[in-house]
1. Which numbered condition in (1) more than 22 Å from residue 126 (Cα to Cα); (2) surrounded by fewer than 17 Cβ atoms within 10 Å (Cβ to Cβ); (3) charged (D, E, K, R); (4) within 14 Å of the chain's Cα centre (by Cα) is the only one that residue 78 fails?
2. Going by what's in this entry, would residue 88 be described as under 25 Å from residue 7 (Cα atoms) and in contact (Cβ under 8 Å) with a residue 60 or more places away in the chain?
3. If you go through segment 35-61 one residue at a time, how many are in contact with a helix residue (DSSP H, G or I) (Cβ under 8 Å, 6 or more places away or on another chain) and either at pLDDT 95 or above or open to solvent by 20 Å² or more (accessible area, probe 1.4 Å) (or both)?
4. Restricting attention to segment 40-66, which residues are without any contact (Cβ under 8 Å) to a residue 24 or more places away in the chain and farther than 21 Å from residue 116 by Cβ?
5. All but one of (1) of a type outside the set (S, T, N, Q); (2) under 17 Å from residue 61 (Cβ atoms); (3) at pLDDT 95 or above; (4) surrounded by fewer than 17 Cβ atoms within 10 Å (Cβ to Cβ) hold for residue 89; state the number of the condition that does not hold.
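The values are calculated or read from the model by the stated rules, or taken from the named source; none is laboratory data. Please read all numbers here as calculations on a predicted model, not as lab measurements. Don't worry about glycine lacking a Cβ; one is built from the backbone with ideal geometry, like all the others, and counts go over all protein chains shown. We work out accessible area using only protein heavy atoms, side chains counted, and drop any ligands, DNA or RNA first. Shrake-Rupley method; radii C 1.70, N 1.55, O 1.52, S 1.80 Å.
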Amino acid sequence: MDKKIEIRFEKNNEVNAEELIDIFKSVEWRKNPNNIVEAFKNSYYITAYHGEKLIGFARAISDNCYYTNIFDVIVRPEYQKKGIGKKKMLMLRDTFKGTYFFLTYTEGRKEFYEKCGFEENDRAMWIHIYKS
Ligand SMILES: CC(C)(COP(=O)(O)OP(=O)(O)OC[C@H]1O[C@@H](n2cnc3c(N)ncnc32)[C@H](O)[C@@H]1OP(=O)(O)O)[C@@H](O)C(=O)NCCC(=O)NCCS
């Protein structure tokens with residue numbers, strides 16, 4: 001981690017939709033403000049702060065026994081490549097140790113997750129059922 005900036009990590013703290021949406025926008029992801037608050041409420045999440053500024057987060061859904069899914073690992077562009085993403089991943093790994101962890105990644109992010117200890121698995125499947 002870059003020693004010049006002091007980053008504070010929190011767990012399941014109070015966060016507001018605007019701050020979350022703003023971070024999604026910073027990496028050009030679009031999320032529905034109503035849904036994202038609900039999604040965070042139903043997840044275990046880690047937030048990262050520089051002073052009072054929310055600069056990233058990562059969230060997980062786990063049965064805390066067998067399986068953990070990881071979603072929305074994001075660091076604001078100006079704070080990337082300082083070890084913040086990996087630190088959040090290691091915190092999630094530590095919180096849910098004893099379980100298998102799953103995630104999907106966007107293009108160009110495979111190496112980041114490999115650096116966090118993940119390996120490709122060719123027996124995972126997914127489907128998205130749209131609301132009518
Ligand atoms: C992916 C992301 C979370 C990484 O966060 P970060 O704080 O920049 O990553 P870190 O600095 O902790 O990097 C940890 C390691 O992964 C490497 N790494 C990070 N991003 C990488 C990338 N895109 N390609 C290759 N390696 C990468 C780093 O060089 C570092 O390697 P090291 O341990 O050998 O020094 C961040 O780039 C991001 O928010 N991207 C936009 C949103 C996104 O794509 N999220 C993931 C969706 S699947």
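1. For residue 78, the failing item is (4).
2. On the way: under 25 Å from residue 7 (Cα atoms): yes; in contact (Cβ under 8 Å) with a residue 60 or more places away in the chain: yes.
So residue 88 fits the description; yes.
3. Of segment 35-61, the ones in contact with a helix residue (DSSP H, G or I) (Cβ under 8 Å, 6 or more places away or on another chain) are 36-37, 40, 44, 46, 48, 50, 54-60.
Still in the running and either at pLDDT 95 or above or open to solvent by 20 Å² or more (accessible area, probe 1.4 Å) (or both): 37, 40, 44, 46, 48, 50, 54-60.
Result for segment 35-61: 13.
4. Just the residues of segment 40-66 that are without any contact (Cβ under 8 Å) to a residue 24 or more places away in the chain, to begin with: 41-42, 51-53, 59, 61.
Correct list: 41, 42, 51, 52, 53.
5. (4)
Okay, residues lined up against (1) in contact with a Cys (Cβ under 8 Å, 6 or more places away or on another chain); (2) in contact (Cβ under 8 Å) with a residue 60 or more places away in the chain:
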| residue | (1), (2) |
| --- | --- |
| 75 | no, no |
| 82 | no, yes |
| 96 | no, no |
| 99 | yes, no |
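Listed here are the residues, each with its yes/no results for (1) over 21 Å from residue 20 (Cα atoms); (2) not charged (D, E, K, R).
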| residue | (1), (2) |
| --- | --- |
| 60 | no, yes |
| 78 | no, no |
| 98 | yes, yes |
| 104 | no, yes |
| 107 | yes, no |
| 112 | yes, yes |
| 122 | yes, no |
| 128 | yes, yes |
| 131 | yes, no |
